[in-house]
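The values are calculated or read from the model by the stated rules, or taken from the named source; none is laboratory data. Worth saying up front: this structure is predicted, and the values here are computed from it rather than measured. Quick reminder, even Gly has a Cβ in these numbers, built from the backbone with ideal geometry, and neighbours come from all protein chains shown.
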Amino acid sequence: MRVFFASTADRDAAERALAGRYDLSPIDVDDEDWARRSQESLGPITVGAITIVPNQSLLTNPPNPLNPQSPIPNPLVITPSMGFGTGHHATTRLCLAALQTIALDGRDVVDVGTGSGILAIAAARLGARSALGIDNDADAIQSARENLALNFGVGRVTFEARDLMASPLPQADVVTANLTGALLVRASHALLGAARRGGTLILSGLLGAERDSVARAFAPAEIVWELEEDGWVGLAVKKS
C-alpha cells in the first residue's frame, strides 16, 4: 500500500505511529506529479447518463481530435491532476447522480470547491444555462480550466479562485458542494445564501455519522434526495 501525505511532518508522524507493526519505506515524491502518477491507471466510469474518461484517446477509435463524435454517450474528459474529482470517489459519484435528478435546462449552477471542475462541466453537459466553479486552490482552478478545454461542445462554464467564506457567493438555482461534513456545517449559511428561492443544494463529502448534523445545519431546507455509498452520504435539499 502506498499512502501520500501533504507534508514530511505528517508522513513522519504516521511512520512513528505505525512502526513496529508494519515494514515502512518513506519516500519523497515531486509535488506536481504525484497525483497524476497515482491516478494514471484509472479507467472510464459511468454515473447515470454521464461517462467520465481520463483522456481524449478513449473518445474515438482510432483517436482523432478533429472529430468530436464519440462512441461513449455524454462523455466528460477529466484528466488525473492535483484537482480532486475523477468520478472514482463515492462523493463525486453521489453529486453526479444528484445532478441528474434535477432538470437543469435554463438553470444557473455554482459548484463550490470545484477541484477538477467535474461537477460544473457535467452540469453544462446536462443542459445548465451557466456553471461557475470556485475553489480556493489556484492549482485546482488551472486543472479545471484545462479539463474544460478538453470537452468538445461544453460552453457556459467559468472557474474562479476565491474563498468560500471571504465574500458572499454568486446566487444560482443549483449549488453543489462536495466538501467535508465539518466544512458544510460551518459554511451552511453562506451556501444557503447562494441558492435562490426554490433552489436546490447538492451536498456531499460527509460521512454517515455526520449526516444528521449537516441536515440540521441546512434546516429548514427540505431534504428531497438522499443516497449513501461506501459510508459516504449525498444529500439534495430544497430551499423554500
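Look at segment 93-133 and say how many of its residues are out of contact with any helix residue (DSSP H, G or I) (no Cβ under 8 Å at 6 or more places or on another chain), among the β-branched types (Val, Ile, Thr) and more than 17 Å from Val237 (Cβ to Cβ).
Matching residues across segment 93-133 total 0.
Would you pick out the residues in segment 229-240 that are surrounded by fewer than 14 Cβ atoms within 10 Å (Cβ to Cβ) and at negative phi?
In the first step, residues of segment 229-240 are kept if they are surrounded by fewer than 14 Cβ atoms within 10 Å (Cβ to Cβ); the result is 230-231, 240.
Once the filter is applied, which keeps residues that are surrounded by fewer than 14 Cβ atoms within 10 Å (Cβ to Cβ) and at negative phi, segment 229-240 yields only Ser240.
Consider Leu192 carefully, then state whether it is modelled with pLDDT under 95 and in the same structural domain as Thr101 (by TED's automatic domain parsing). Let's see the steps before the verdict.
Numbers: modelled with pLDDT under 95: no; in the same structural domain as Thr101 (by TED's automatic domain parsing): yes.
Spelling it out, it is not the case that Leu192 is modelled with pLDDT under 95 and in the same structural domain as Thr101 (by TED's automatic domain parsing).
Name every residue in segment 120-139 that is acidic (Asp, Glu) and assigned to a helix (DSSP H, G or I), in order of residue number. Steps first, please.
Step one: of segment 120-139, the residues acidic (Asp, Glu) are 135, 137, 139.
If the condition is that a residue be acidic (Asp, Glu) and assigned to a helix (DSSP H, G or I), then Asp139 is the only one that fits.
For segment 233-240, indicate whether the set of residues that are at pLDDT below 95 and under 17 Å from Ser188 (Cβ atoms) is non-empty. Steps first, answer last, please.
Taking segment 233-240 first, the residues at pLDDT below 95 are 240.
If we keep only those that are under 17 Å from Ser188 (Cβ atoms) too, we end up with 240.
Within segment 233-240 (the criterion being at pLDDT below 95 and under 17 Å from Ser188 (Cβ atoms)), the answer is yes, since at least one residue qualifies.
All but one of (1) at pLDDT 90 or above; (2) under 19 Å from the mean Cα position of the chain (by Cα) hold for Asp23, so report the exception by its number.
Asp23 satisfies all of (1) at pLDDT 90 or above; (2) under 19 Å from the mean Cα position of the chain (by Cα) except (2).
Scan segment 104-119 for residues that are in a loop (DSSP other than H, G, I, E, B), at negative phi and modelled with pLDDT of 95 or more and report the count. Don't jump to the end; show me each part of the working.
Let us first name the residues in segment 104-119 that are in a loop (DSSP other than H, G, I, E, B), namely 104, 106-107, 113-117.
When the remaining residues are screened for being at negative phi, the result is 104, 107, 114, 116.
Among the residues that remain, those that are also modelled with pLDDT of 95 or more are: 104, 107, 114.
Result for segment 104-119: 3.
All but one of (1) buried (at least 21 other Cβ atoms within 10 Å of the Cβ); (2) farther than 14 Å from Gly113 by Cα; (3) not polar (S, T, N, Q) hold for Asp135, so report the exception by its number.
Only one criterion in (1) buried (at least 21 other Cβ atoms within 10 Å of the Cβ); (2) farther than 14 Å from Gly113 by Cα; (3) not polar (S, T, N, Q) is unmet by Asp135, namely (2).
Given the structure, is Glu146 acidic (Asp, Glu) and either over 21 Å from Pro80 (Cα atoms) or in contact with a His (Cβ under 9 Å, 6 or more places away or on another chain) (or both)? Steps first, answer last, please.
On the way: acidic (Asp, Glu): yes; either over 21 Å from Pro80 (Cα atoms) or in contact with a His (Cβ under 9 Å, 6 or more places away or on another chain) (or both): no.
Spelling it out, it is not the case that Glu146 is acidic (Asp, Glu) and either over 21 Å from Pro80 (Cα atoms) or in contact with a His (Cβ under 9 Å, 6 or more places away or on another chain) (or both).
Only one of these is modelled with pLDDT under 90 and either farther than 27 Å from Val175 by Cβ or aliphatic (A, V, I, L, M) (or both): Ala35, Ala90. Name it.
Values: Ala90 fails: modelled with pLDDT under 90.
One residue alone meets the criteria, Ala35.
Filter segment 159-208 down to the residues that are in contact with a Ser or Thr (Cβ under 8 Å, 6 or more places away or on another chain) and of a type outside the set (A, V, I, L, M), then identify the one that is farthest from Gly106 (Cα to Cα).
In this case the residue turns out to be Gly181.
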